[in-house]
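*Asks:* Before we start, here is the structure in question, set down as structure tokens.
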Amino acid sequence: MNKLAVISHLLSNALLQSPHKQSGTGFAPTNIALCKYWGKRDAELNLPITSSLSIALPNKGSTTTLTLIDQSIDRVIFNGRERSSTSPFVERLVQYLDLFRRERAWHLQVDITMNIPVAAGFASSAAGFASLVIALNDLFDWHASRQTLSILARLGSGSAARSLWMGFVEWQAGADPCGMDSYGMPLEKSWPDLCVGLLSLNNQPKPISSRRAMQQTVASSVLYESWPKQVSRDLVLLKQAIQDKNFPLLGSIAENNALSMHATMLSSMPPICYFLPETLEAMHRIWKLRAEGLALYFTEDAGPNLKLLFLKSDIKRVQIHFPEMLLAADGSQADPAIDARG
Ligand code: DP6
């Protein structure tokens with residue numbers, strides 16, 4: 001099945017005719033995976049090999065506003081600056097919009113505002129695609145469930161499937177070849193004392209996109225065989241840690257999960273290494289502080305920067321050691337009431 005077929009399955013033709021309103025808008029939070037999504041069983045539909053689990057950064061994310069325009073192409077404005085129609089970013093976005101342009105041609109001005117340090121590589125495509133889908137839902141008046149929106153967001157970028165909710169979200173891998181059972185589900189648990197800090201260490205462009213890196217890892221790393229086993233264990237332990245508010249368990253499993261994902265990348269051929277000297281230096285500082293009694297852990301995605309995990313009671317101590325850290329989230333804004341039934 002391809003993306004178009006999935007969309008036709010989820011939304012009737014009538015709903016895809018043309019936008020109902022002049023404009024639509026949506027916000028979606030950035031999410032940080034505690035158990036990572038790394039590897040696809042279907043690259044067209046972004047269907048993952050394993051489930052994954054994240055926490056949302058409630059006030060950090062992307063707002064997208066779509067406005068119908070009387071022009072023959074879409075215009076994309078990112079953080080107040082118009083982007084060239086030939087940039088890979090705009091091309092990926094327009095390709096995604098094309099999936100919804102059926103009988104009638106319409107074009108949009110797409111205004112995207114992200115309040116996360118974009119150059120530092122924290123602005124994953126997750127919040128961007130999720131907010132775009134929420135804005136499309138508004139523009140077309142689909143009244144689609146969060147579950148449907150999660151599937152639609154996944155077609156843009158896998159991790160976007162988790163950005164439809166606040167708090168902890170599990171993205172179920174599912175087994176359906178068409179991915180109708182592969183979407184995000186909020187965990188009905190909040191953890192007001194859990195904090196996430198963004199540690200920007202290097203802003204150079206990434207050597208390889210997460211999309212390509214994932215593909216290369218699955219195709220060539222001998223260690224990848226053990227990844228699904230690790231994820232099964234980590235998901236159980238992370239959910240238990242969230243249930244019991246056991247921070248050392250949550251921190252150590254999230255950190256180990258990230259390092260194991262990077263180990264699969266290091267063992268791929270050719271190797272993929274997102275660690276920079278600054279990354280390793282920060283890791284060693286975190287391990288040293290931990291040995292001295294500070295409950296501080298990290299996770300790392302497809303880039304050299306770290307996300308720090310700690311409890312509210314340690315904010316000041318963490319800030320002394322990492323004054324440049326951006327305090328991005330605590331679990332207090334988890335809202336299990338948000339469409340938990342999908
Ligand atoms: C390391 O969702 O960006 O951040 O599905 O190809 O768009 P595509 O990949 P993407 O990959 C995210 C990878 C990760 C781990 C995670 O967020 O779970």
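*Asks:* Quick one: how many residues across the range 201-239 are open to solvent by 50 Å² or more (accessible area, probe 1.4 Å) and under 27 Å from I116 (Cβ atoms)? Even if it seems obvious, please write down each step before you answer.
*Replies:* Start the filter on the range 201-239 by keeping residues that are open to solvent by 50 Å² or more (accessible area, probe 1.4 Å), which leaves 203-207, 209, 211-212, 215, 218-219, 222-223, 225-226, 229, 232-233, 236, 239.
Then keep just the ones that are under 27 Å from I116 (Cβ atoms); that gives 203-207, 209, 211-212, 215, 239.
The qualifying residues number 10.
*Asks:* So which residues in the range 31-80 are at positive phi and more than 16 Å from the chain's Cα centre (by Cα), if there are any at all?
*Replies:* N79, G80
*Asks:* Something else about it: Go over the candidates S8, S23, S72, S85 one by one and state the one that is surrounded by fewer than 17 Cβ atoms within 10 Å (Cβ to Cβ), within 16 Å of L139 (Cα to Cα) and more than 16 Å from the ligand (Cβ to nearest atom).
*Replies:* Just one listed residue meets the conditions, S23.
*Asks:* Let me ask something else. Going residue by residue through the range 177-185, is there one that turns out to be open to solvent by 20 Å² or more (accessible area, probe 1.4 Å), within 19 Å of L16 (Cβ to Cβ) and of a type outside the set (V, I, T)?
*Replies:* yes
*Asks:* For the structure I just gave you, tell me whether K229 is closer than 25 Å to N46 by Cβ and either in a helix (DSSP H, G or I) or in the same structural domain as A160 (by TED's automatic domain parsing) (or both).
*Replies:* Yes; evaluated as a whole, the condition is true for this residue.
*Asks:* Is it the case, given these coordinates, that R41 is in the same structural domain as A153 (by TED's automatic domain parsing), open to solvent by 60 Å² or more (accessible area, probe 1.4 Å) and either within 13 Å of the ligand (Cβ to nearest atom) or of a type in the set (A, V, I, L, M) (or both)?
*Replies:* In short, yes.
*Asks:* Going through the range 264-288 one residue at a time, which ones are part of a helix (DSSP H, G or I), surrounded by 17 or more Cβ atoms within 10 Å (Cβ to Cβ) and among the hydrophobic types (A, V, I, L, M, F, W, C)?
*Replies:* Keep residues of the range 264-288 that are part of a helix (DSSP H, G or I), which gives 264-266, 277-288.
Keeping just the survivors that are surrounded by 17 or more Cβ atoms within 10 Å (Cβ to Cβ) gives 264-265, 279, 282, 286.
Scanning the range 264-288 gives M265, A282, I286.
*Asks:* In the range 218-252, what count of residues is obtained for those that are over 26 Å from S313 (Cα atoms) and in contact with a helix residue (DSSP H, G or I) (Cβ under 7 Å, 6 or more places away or on another chain)?
*Replies:* 6
*Asks:* Please enumerate the residues belonging to the range 240-256 that are surrounded by 15 or more Cβ atoms within 10 Å (Cβ to Cβ) and in a helix (DSSP H, G or I).
*Replies:* A241, I242, F247, L249, L250, G251, S252, I253, A254, E255, N256
The values are calculated or read from the model by the stated rules, or taken from the named source; none is laboratory data. Quantities reported herein were computed from a predicted structural model and do not represent experimental measurements. All Cβ positions, glycine included, derive from the backbone under ideal geometry; neighbour counts span all protein chains shown. Surface accessibility is based on the protein's heavy atoms, side chains included, excluding ligands, DNA and RNA. Shrake-Rupley method; radii C 1.70, N 1.55, O 1.52, S 1.80 Å.
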